[in-house]
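Presented below is the structure to which this report refers.
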Amino acid sequence: MARGINKVILVGNLGNDPDMKYTQGGMAICTLSVATTSVRKDRDGNSQERTEWHRVKLFGKLGEIAGEYLRKGRQVYIEGSIRYDKFTGQDGQERYITEIVADEMQMLGGGEGGGRGGNFGGGAGGDRPSRPAPRQDSPARREAPPAKSNDFGDDFADDDIPF
């Protein structure tokens with residue numbers, strides 16, 4: 001039995017260009033600021049928008065790809081897990097930070113450089129191979145062959161199906 005599930009899925013827009021840093025060992029760390037907006041109606045029927053900002057971290061090859069291709073305003077799909085950290089600031093006060101550590105990223109929408117996005121996976125250290133995006137120019141699926149007539153006879157009606 002699983003001990004728990006920590007899964008986050010975001011679809012939003014980048015609030016600024018990616019912030020790239022590298023560890024001493026050369027691993028890429030890309031930080032994104034992703035905005036998600038939801039709309040709901042209040043008691044009077046007026047639409048109310050609420051925008052949430054999410055700090056997203058991408059590591060390794062996934063971080064390099066994000067740093068190279070993502071730009072402010074670009075729509076992105078992120079899958080990962082939520083992480084809470086605590087640290088002591090310069091003033092001695094304890095501070096808390098919430099981050100999404102991404103292990104999947106899909107570029108959506110047009111953005112700069114064309115209308116096709118890419119599906120990238122990798123996570124920390126880039127230990128998983130990237131999954132290519134589904135081809136958008138692939139031929140349509142074959143249609144299923146026509147259904148054969150049933151051999152149930154006239155004594156079987158749709159009303160006899162229990163669901």
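I'd like the full set of residues that are outside any loop (DSSP other than H, G, I, E, B) and surrounded by 12 or more Cβ atoms within 10 Å (Cβ to Cβ), limited to the stretch 1-18.
Kept after step one, since they are outside any loop (DSSP other than H, G, I, E, B), are these residues of the stretch 1-18: 8-14.
Correct list: 8, 10, 11, 12, 13, 14.
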Restricting to the stretch 67-76, name every residue that is in contact (Cβ under 8 Å) with a residue 40 or more places away in the chain and surrounded by fewer than 19 Cβ atoms within 10 Å (Cβ to Cβ).
69, 71, 72, 73, 75
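Of the residues 64, 79, 49, 104, only one is crowded, with 18+ Cβ neighbours inside 10 Å, assigned to a strand (DSSP E or B) and not β-branched (Val, Ile, Thr); which?
Details: 64 fails: assigned to a strand (DSSP E or B); 79 fails: crowded, with 18+ Cβ neighbours inside 10 Å; 49 fails: crowded, with 18+ Cβ neighbours inside 10 Å.
104 is the lone residue from the list that is crowded, with 18+ Cβ neighbours inside 10 Å, assigned to a strand (DSSP E or B) and not β-branched (Val, Ile, Thr).
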Considering the stretch 35-56 alone, what residues qualify as being within 15 Å of residue 75 (Cβ to Cβ) and aliphatic (A, V, I, L, M)?
35, 56
Could you check residue 125 against (1) surrounded by fewer than 17 Cβ atoms within 10 Å (Cβ to Cβ); (2) modelled with pLDDT of 95 or more; (3) touching a helix residue (DSSP H, G or I) at 6+ places or on another chain (Cβ under 6 Å) and say which number it fails?
(2)
Number of the exception - residue 91 against (1) in contact with a His (Cβ under 9 Å, 6 or more places away or on another chain); (2) at pLDDT below 95
(1)
Members of the stretch 47-103 that are in contact with a helix residue (DSSP H, G or I) (Cβ under 7 Å, 6 or more places away or on another chain) and charged (D, E, K, R)
61
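The values are calculated or read from the model by the stated rules, or taken from the named source; none is laboratory data. All figures in this text were calculated on a predicted structure; none of them were measured in a lab. Positions of Cβ are generated from backbone atoms using ideal geometry, with glycine treated the same way; all protein chains shown enter the neighbour counts.
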